[in-house]
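The values are calculated or read from the model by the stated rules, or taken from the named source; none is laboratory data. All of these numbers come straight from a predicted model, not from anything done at the bench. So basically every Cβ, Gly included, is an ideal-geometry build from the backbone, and we count neighbours across all protein chains shown. Note: accessible area is taken over every heavy atom of the protein model, side chains too, but ligands, DNA and RNA are not part of it. Shrake-Rupley method; radii C 1.70, N 1.55, O 1.52, S 1.80 Å.
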Amino acid sequence: MRQLPLLEGYTLSAETAEEPPRLTLRTMAQLSLRTWPYLRPLIVHLVALVGLAAVGMVTAIAGAFVGVDLFTNKVLIGEKLQPIQATVLFVGDEYVTTDPRKLGESSNIELGDSELEKDQELDNAAIEPVDQLTPDQRRTVRNRLIMWSIVGGILGVALGYGGWYYTTWIWQAVNQNLRVAMVEQAESLSLRYHDEARVGDAIFRVYQDSAMIVNLIQSGIMEPAMTLYALLVAFVVVLAFDPWIAFFGVIGAIPFIYLMVRSTPRIRRRALANRLANSNLTSHIQESFTAVKVIKANGSEPQIHRQFDEDSKRALDAAYHLRLDMVLLSLTVMFIGGVFIIGAEYVAARWVIVERETFLGAAVAGLIGFAIWNVGAFQSAQHRFDSLRGNASYLLNIWMRMQDLFIALRRAFDLLDAPVEVKESENPVDYPSSIASVSWNDVSFKYLEDGPQVLTNVSLTALAGTVTAIVGVTGSGKSTMMSLLLRLFETDGGHVRINDVDLRDLRISDVRRHCAIALQKNVLFSETVANNIGFGAGQVSRTQIERAAQIADADEFVRELEKGYDTELGERGGKLSAGQRQRLSIARAVVRDTPILILDEPTASLDARTEQRVLANLAAWGTEKVILLITHRLSTIQNADQIAFLQDGQIVETGAHDQLMANPDSCYAAFVHAESQAASAQATVEQT
């Protein structure tokens, strides 16, 4: 399917927009076709739903006709029943009419040799008494009709609610298919995309914009088709009454079409501005709740409240302006339609007075029921006038709602169309069974195409069974190297290899499954301790979880919790200290037992004694693994087998701690001295 251009280029405020997004009928058709993959799994249910709706409609129409005939002609007037009516009401043959004209049979009148004989026989047939129901029979028919009305009402309510539930289930399943696809796409995008996009905007697209697929079939296809059909039927009937009134109806449609065309770009601007404003509000809410500790620590609640109030008012104004434009446009169209109706009724009333024939006279009496203009014809035509105006207004309302619907679908598909930077190899090779080394070979990288260079010709090899520490000042590119190793980004130049295999030749899932990472900014979930440690590790036993906690020096404090490993943690692990959360993060990386372990500032929140225990446990556990450390703590760095010093995106020095410190003019030595002085100053502050 051809991808549509993104809407990201439109910088619309919540109140106004300079240029509306391009949303032609062709684009709408393309967006509608793109929903097919999410409708296809439910095609059987959709066909069943349409079939049930068709059967229900036919049954309702037939029931209405039969019921009206039974009540007006049989119960009130007393005419005898048709055979099928008697069968439905469970009555005998004595209720059935014997009039051949009502049974659709020939009259059996023999034609004479002269016109006089024919007329005489017809007159005799016409004056024969019409068979009638007795009063008791009429009461029986009435009671049976009431019984069927009650049964039909109960069945109608049951089927109506059942159909409503079935329809809701189908549309929610369709919406679920689209949401899952959007989330999968978002997770497959590189961090470069997520660094530039707001989380709240993605949430709004997945939760709100995707929901418009539910309204597509109903509001975008079925309702317009049914409204156009009703509009056409009303126009044909009005034309049958008199072509002049139909002609004036066509004249009245010209300003309607003009207003619809002229107002469409404005409605689109309002619709997109409304969604952008609500997306911005969602983003600020998400950011506020994520940073709640920082907000409270800095006493910034009033500022956040003011910001929320402004964003909320902006979203409210955007929604109000969109609906105000819709209402004003609808009122204008209704006014034009009202003028048409007044004029048409005035002309029809004059024709009633002079008893003018309807168009083609009796030739169309079967369609409209009237050969001349009388009070009945006036009332019937008046109903059709109202139908024309009402359906035209409703068609305009549908068109305006469709602008918002397709704007939302466009935003949803924008996420699906976002380019995937990290792509799977067409012919991936198997991951090496054993890992001897991890290497960066002349790797270059920058986050933005026109941004600064983050890494420049970086080359480094880390061997299995060793600990490699990557150090440098903040922003030197340490974490970026680890992100490239996980294929969270693609290199701009050079290669990252496992043994001698380029990462791009391996399956992305294999690369990440064989590499575990413990971050300084650890993320815990509102789950049990055991589930947090085992997160992402697949099927692991309680023994494996407890062993990982022991290596991370977390087993002791976990067992002291109320329910041990089954203790439920609060939001983001709020029940634990920073050091405890960090040790659980290390345990989560250890339990995966991968050949590559990345520790990004793994001991930043640990005291010196706990840090030494954790590092000793990791060294003993990872004798055959590649362990990569990113840290500023000298106690952690000194025990590494290899140290790589990064400066301005380049590795300027490598070697062991003693080797690098042997040169007092080395960058690493200067870094160590600076860190030592900073640590001494911090200790002095803490003592005082």
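Share of antiparallel DSSP beta bridges in the chain, in percent to the nearest 5?
50 percent
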Practice item. Please report how far the C-alpha centroid of region 207-254 lies from that of region 399-471, rounded to the nearest whole angstrom. Key: 50 Å
**Study point:** Solvent exposure of the chain as accessible area per residue, Å², 1.4 Å probe
**Key:** 54 Å²
Check your understanding: So, counting K/R as plus one and D/E as minus one, what does the shell of residues with Cβ under 9 Å around T594 add up to?
Key -> +2
Exercise for review: Between F71 and Y447, take the C-beta separation as r, use R0 = 56 Å, and let me know the FRET efficiency to the nearest 0.05.
Suggested key: 0.15
Point to revise | the chain: angle of helix 578-591 to the longest principal axis, Cα-based, in degrees nearest 10 | key: 80 degrees
Review point. What number, rounded to the nearest 500 deg cm²/dmol, is the helix-based mean residue ellipticity at 222 nm of the chain, given -39500 (n - 2.57) per DSSP H run of at least four residues and division by all its residues?
Key: -19000 deg cm²/dmol
Check your understanding: Want the number for I154 to D502: 0.36 nm per residue separation, take away the alpha-carbon distance, what's left?
Key -> 118.4 nm
Check your understanding: In whole percent, how big is the carbon plus sulfur part of the accessible area of the chain, probe 1.4 Å, protein atoms only?
Key -> 59 percent
Review point. For the residue pair M226 and E184, what label-to-label distance in nm results when each label sits 7 Å from Cα along the Cα-to-beta-carbon direction?
Key: 3.3 nm
Revision key, fill the gap. Checked against the structure, the computed Cα Rg over 2.2 N^0.38 Å among (1) 0.96; (2) 1.49; (3) 1.12 is the one labelled (2)
